[in-house]
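The values are calculated or read from the model by the stated rules, or taken from the named source; none is laboratory data. Just so it is clear, the structure is predicted and the values come from calculations on it, not from any experiment. Using ideal geometry, Cβ is built from the backbone for each residue, glycine included, and neighbour counts are taken over all protein chains shown.
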Amino acid sequence: MNNFEFQNPVKVLFGKGQIENIANEIPENSRVLVLYGGGSIKKNGIYKQVMSALNAFTVFEYGGIPANPEYGVLMGAYKMIQEKNIDFLLAVGGGSVIDGTKFLSGAATFSGEDPWQILTEGIPTLKGMPFGTVLTLPATGSEMNSGAVITKADTKEKRVMGGKGLFPVFSVLDPLVVKSIPTRQLQNGVIDAYVHVLEQYLTSTHPAKLQDRFSEGILQTLIEVGPEIVKDPSNYELAANFMWSCTMALNGLIQKGVPTDWATHMIGHELTALHGIDHARTLAIIGPNLYQHQFENKQDKLAQYGKRVWGLTGTDNQKLAEEALNKTIAFYHLMGMKTKLSENADNFENTSQIIFERFAERGWNELGENKTIGPKEAKEIVEMAY
């Protein structure tokens, strides 16, 4: 097991009725900017709960952050932060709203000319404006990590950012919010979390046994509760297990001391940028084809995954690995995913070439746990997904 440091300063308030406690976590006399998405929180009662909890503060609000947080939209909030002397941010939403808030946290303390440089130049945010989150859509784990992904519409780019200054001060996880989530977003949430685990687990064999067991436990839980939460999102027990699985999938714990991949995500981001496909659905498109493309490197871990997670038996690792892939694709289909690019986008024929050119321009030559995926390999994987 490799040396590592695990520092996660996020205070989690988990359970029913925790929204009312956010006032205890925000410094007195703060000027708070509440950020949210399309306005569903005003229909499901969450907005009212949040505003009631903030009645002792000076509060401003900025809505309309889209499903893929967009730079131009976020810059409107950035201007408000400057004009209203905001000193605390509160994200009320899913991963997109929280990611957008992380960008604003970093932008608010950035000394350069254009905050987009944070993403294009890979500048880590070491100290951002403090912020909290009220999670309304389990999926990304953004409520307990320091990473974010931001889209720029005019250039059709989707870029990542991070840094130790982008951890939330606190995050409220109330499973009661799950009952108001639309079916498509529930499906996306399950698969997003599932692939987050696979990116940190389905790599190469290693001696960190407990890390593997953590990952396998999250995968098995998502397999068990995923289809059920879609059928019955008002079931509190299912919702609580679903929500906590999504958070644990990407709060940094299971990746410590082990090899990680993330190539599926980097290729998938381009499908969202180019075609507007839901993030989770890009992962379902790319992941199985990447595993097939890298089959020789991943065969032993795929076989382990098949035995431990899917209950497969046998001694032939190649057959076990192949069946594990089939089980994974079947699960994606069960969760409402269409796993071919042609099923998710029109005019997709030139996608692989565009991605090849983008990866080459950015110098992305060594993706994956073995650094074996570059522009050429990414192009091949995308073509396999047609």
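A Cβ distance below 7 Å, combined with a sequence gap of six or more or placement on separate chains, defines the contacts here; from region 225-246, residues that are touching a residue at least 12 places away in the same chain (Cβ under 8 Å) reach residues that are buried (at least 20 other Cβ atoms within 10 Å of the Cβ) and of a type in the set (Gly, Ala, Ser) in the pairs 229/239; 233/239; 245/193; 246/139; 246/141; 246/189; 246/193. The number of residues in region 78-100 being crowded, with 22+ Cβ neighbours inside 10 Å and under 13 Å from residue 115 (Cα atoms) comes to 1.
Residues checked against (1) surrounded by fewer than 24 Cβ atoms within 10 Å (Cβ to Cβ); (2) in a loop (DSSP other than H, G, I, E, B); (3) modelled with pLDDT under 95; (4) not assigned by TED's automatic domain parsing to the domain that holds residue 75:
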| site | (1), (2), (3), (4) |
| --- | --- |
| 119 | yes, no, no, no |
| 124 | yes, yes, no, no |
| 127 | yes, yes, no, no |
| 134 | no, no, no, no |
| 137 | no, yes, no, no |
| 149 | no, no, no, no |
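For residue 268, the conditions (1) over 19 Å from the mean Cα position of the chain (by Cα); (2) free of Cβ contacts under 8 Å to residues at least 40 places away in the same chain; (3) under 21 Å from residue 368 (Cβ atoms) all hold with the exception of (1).
Filtered by the rule that a residue be of a type in the set (Ser, Thr, Tyr) and either more than 30 Å from residue 184 (Cα to Cα) or at pLDDT below 95 (or both), region 79-117 gives 109, 111. Among the residues of region 189-196, is any out of contact with any helix residue (DSSP H, G or I) (no Cβ under 6 Å at 6 or more places or on another chain), within 30 Å of residue 371 (Cβ to Cβ), aromatic (Phe, Trp, Tyr) and at pLDDT 95 or above? No, there is no match, as no residue in region 189-196 is out of contact with any helix residue (DSSP H, G or I) (no Cβ under 6 Å at 6 or more places or on another chain), within 30 Å of residue 371 (Cβ to Cβ), aromatic (Phe, Trp, Tyr) and at pLDDT 95 or above.
Just one of the listed residues (47, 78) is hydroxyl-bearing (Ser, Thr, Tyr), over 28 Å from residue 234 (Cα atoms) and part of a helix (DSSP H, G or I), and it is 78. When each of 252, 257, 314 is tested for being surrounded by fewer than 22 Cβ atoms within 10 Å (Cβ to Cβ) and over 19 Å from residue 215 (Cα atoms), the lone residue that passes is 314.
In the set (1) in contact (Cβ under 8 Å) with a residue 24 or more places away in the chain; (2) more than 25 Å from residue 2 (Cβ to Cβ), residue 205 fails one condition alone, (2).
Selection within region 252-265: residues that are farther than 19 Å from residue 144 by Cα and assigned to a helix (DSSP H, G or I). The member of this set that is farthest from the chain's Cα centre (by Cα) is 263.
Residues that are under 19 Å from the mean Cα position of the chain (by Cα) and farther than 14 Å from residue 139 by Cα within region 222-239 comprise just one, 223.
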